[in-house]
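Here the structure comes first, spelled out in structure tokens, and everything after it is commentary.
The values are calculated or read from the model by the stated rules, or taken from the named source; none is laboratory data. Quick caveat, the model's predicted, so the values are computed rather than measured. A quick note on method: Cβ atoms are made from the backbone with ideal geometry, for glycine too, and the neighbour counts reach across all protein chains shown. The accessibility values were calculated without ligands, DNA or RNA, using every heavy atom of the protein model including side chains. Shrake-Rupley method; radii C 1.70, N 1.55, O 1.52, S 1.80 Å.
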Amino acid sequence: MSTVIKGGTIVTHDLTYKADVLIEGGKIAAIGPSLSGAEVLDATGCYIMPGGIDPHTHLEMPFMGTYSTDNFESGTRAALAGGTTMVIDFALPAPGQGLLDALDMWHNKSGRAHCDYSYHMAITWWGEKVFDDMAKVVDKGITSFKHFLAYKGALMVNDDELYSSFQRVHDLGAIAMVHAENGDVVAEMSARLLAEGNTGPEAHAYSRPTQVEGEATNRAIMIADMAGAPLYVVHTSCEESHEAIRRARQQGKRVWGEPLIQHLTLDESEYFNPDWDHAARRVMSPPFRNKMHQDSLWAGLSAGSLSVVATDHCAFSTEQKRFGVGDFTKIPNGTGGLEDRMPMLWTYGVNTGRITMNEFVATTSTNAAKIFGMYPRKGAVAVGSDADLVVWDPEKEKVITAGAQQSAIDYNVFEGKSVKGLPRFTLSRGHVAVHDGEMRSQEGHGKFVAREPNGAVNRALSQWKELTAPRPVKRSGIPASGV
Ligand code: URP
Ligand code: ZN
Ligand code: ZN
Ligand code: ZN
């Protein structure tokens with residue numbers, strides 16, 4: 001069956017123009033004036049954009065003694081409701097577990113997905129088996145490897161492991177990713193805060209100041225440079241980390257930064273709310289920051305020094321958050337945001353003039369597709385691309401409330417916020433998953449997307465020099481032979 005989207009304005013990361021879009025067999029078959037098809041979607045007054053790609057989610061993730069509540073069913077339903085048509089989740093091997101086993105586990109969970117998905121592979125331990133498995137994982141279309149510098153005693157890797165893995169990433173033509181917080185320092189600060197009787201959720205923020213993120217970001221960038229691996233820094237939340245990314249990019253390094261919609265729009269005052277539940281529901285790592293850091297992140301989006309807006313969707317119920325009553329270190333870390341990322345970024349970014357519509361498309365979809373090796377199959381409005389599209393109504397408004405959300409948790413960190421700019425239709429490979437605000441998505445419709453290696457090298461500056469420098473002279477006092 002063919003579908004035509006009529007009367008709208010196409011907005012891509014670089015173009016804005018009026019045209020109809022014809023969809024056949026789940027792909028974009030034609031773009032142009034006066035197209036016709038069996039099913040007609042009226043896009044009058046709307047923008048036709050690539051569906052959102054959220055490259056940072058944790059669905060049904062085993063973490064801190066529990067599992068994140070949104071799974072591939074509720075999580076991807078929430079994604080589509082908010083205009084996001086693809087997620088990249090993290091496959092997380094247990095210590096000692098092979099990467100292919102972890103991948104099987106994630107494939108078993110994702111069969112219920114309503115929209116397309118892929119995975120990054122986390123490197124949670126190091127050994128010959130991991131080294132060998134990494135190549136097999138790349139062959140299966142998983143071309144990005146995540147490393148945690150935080151969560152000491154659980155997911156954290158040390159610098160020797162990080163350097164080994166980054167070198168392997170380089171050799172495989174893949175991308176390294178890093179959660180950049182200094183886990184050793186966080187563990188020390190947390191222990192001291194607890195010993196001093198600071199047990200509440202606000203101590204979570206005290207235990208993870210911006211310096212721990214700035215230090216780890218700088219360290220990861222330098223180690224990636226030495227190993228020659230391109231580096232994607234997840235949940236960049238502060239100026240210290242952004243500054244390191246900016247500097248690296250100016251130096252020609254392949255480094256990308258990813259602010260979250262939560263850090264852009266919510267600040268640290270949330271942790272000082274006298275309601276324990278309110279504060280604990282917002283406990284995530286890194287924590288929310290002050291306005292100065294928020295301004296830095298917004299500036300990074302318009303300047304291009306930060307590339308992707310994600311959610312790190314890792315949703316825990318209030319009941320789960322209460323595991324940490326009396327000890328903030330036991331509050332499961334994570335917040336939701338999949339359904340609200342695009343309406344919130346449009347409202348606080350496009351409607352305020354901080355970013356343009358084209359920058360909105362770049363940072364919610366196209367940049368992630370390019371960085372993670374699936375452009376223009378995803379992230380594009382182009383003939384031959386998957387018909388993952390959102391028909392965006394800039395006049396449509398709502399107040400965000402947990403009662404009306406798709407996510408399975410019992411609250412929403414954006415509760416009470418008014419948004420203007422929402423999907424009229426969301427299409428997942430041509431299937432109309434959201435129709436005038438009504439959910440018509442199908443459980444199991446989502447498919448795994450195998451990705452290509454990015455192809456970008458991050459050749460260390462020293463290596464470029466080696467290629468061009470004159471042959472070295474021995475410094476022993478005796479001239480090197482032949483010189
Ligand atoms: O607090 C967070 N961000 N939880 C999810 C896991 C991670 O660190 O990304
Ligand atoms: Zn993280
Ligand atoms: Zn995460
Ligand atoms: Zn379908």
Practice item. Among what's in the stretch 43-70 and is out of contact with any His (no Cβ under 8 Å at 6 or more places or on another chain), assigned to a loop (DSSP other than H, G, I, E, B) and small (Gly, Ala, Ser), pick the residue that is nearest to ligand 2 (Cβ to nearest atom). Key: Gly65
Review point. So, of the residues in the stretch 71-124 that are among the basic types (Lys, Arg) and in a helix (DSSP H, G or I), which turns out to be farthest from the chain's Cα centre (by Cα)?
Key: Lys109
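This table checks each residue for (1) assigned to a loop (DSSP other than H, G, I, E, B); (2) surrounded by fewer than 19 Cβ atoms within 10 Å (Cβ to Cβ); (3) of a type in the set (Gly, Ala, Ser).
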residue: Ala408; (1), (2), (3): yes, yes, yes
residue: Gly416; (1), (2), (3): yes, yes, yes
residue: Arg424; (1), (2), (3): no, no, no
residue: Leu427; (1), (2), (3): no, no, no
residue: Val432; (1), (2), (3): no, no, no
residue: Ser441; (1), (2), (3): yes, no, yes
Check your understanding: Does His235 satisfy being within 15 Å of ligand 2 (Cβ to nearest atom), on the phi > 0 side of the Ramachandran plot and not aliphatic (A, V, I, L, M)?
Key -> yes
Review point. Would it be correct to say that Glu359 is modelled with pLDDT of 95 or more, under 14 Å from Asp340 (Cα atoms) and of a type outside the set (Phe, Trp, Tyr)?
Key: no
Practice item. Look through Val40, Val4, Val21 and report the one residue that is assigned to a strand (DSSP E or B) and either open to solvent by 70 Å² or more (accessible area, probe 1.4 Å) or within 16 Å of ligand 3 (Cβ to nearest atom) (or both). Key: Val40
Point to revise | The one condition in (1) open to solvent by 10 Å² or more (accessible area, probe 1.4 Å); (2) within 22 Å of Pro62 (Cα to Cα) that Ala205 fails to fulfil | key: (2)
Exercise for review: Give the number of residues within the stretch 337-370 that are among the polar types (S, T, N, Q) and either open to solvent by 30 Å² or more (accessible area, probe 1.4 Å) or on the phi > 0 side of the Ramachandran plot (or both).
Suggested key: 5
Practice item. Sort out which residues of the stretch 159-197 are touching a Phe, Trp or Tyr at 6+ places or on another chain (Cβ under 7 Å) and not hydrophobic (A, V, I, L, M, F, W, C), and write them in order of number. Key: Glu161, Ser164, Ser165, Arg168, His179, Gly183
Exercise for review: Being within 19 Å of Ile53 (Cα to Cα) and of a type in the set (A, V, I, L, M) is the filter here, so list the residues in the stretch 298-338 that pass it.
Suggested key: Leu301, Leu306, Val308, Val309, Ala310, Ala315, Leu338
Exercise for review: Could you grab me the full set of residues in the stretch 64-80 that are open to solvent by 20 Å² or more (accessible area, probe 1.4 Å) and hydrophobic (A, V, I, L, M, F, W, C)?
Suggested key: Met64
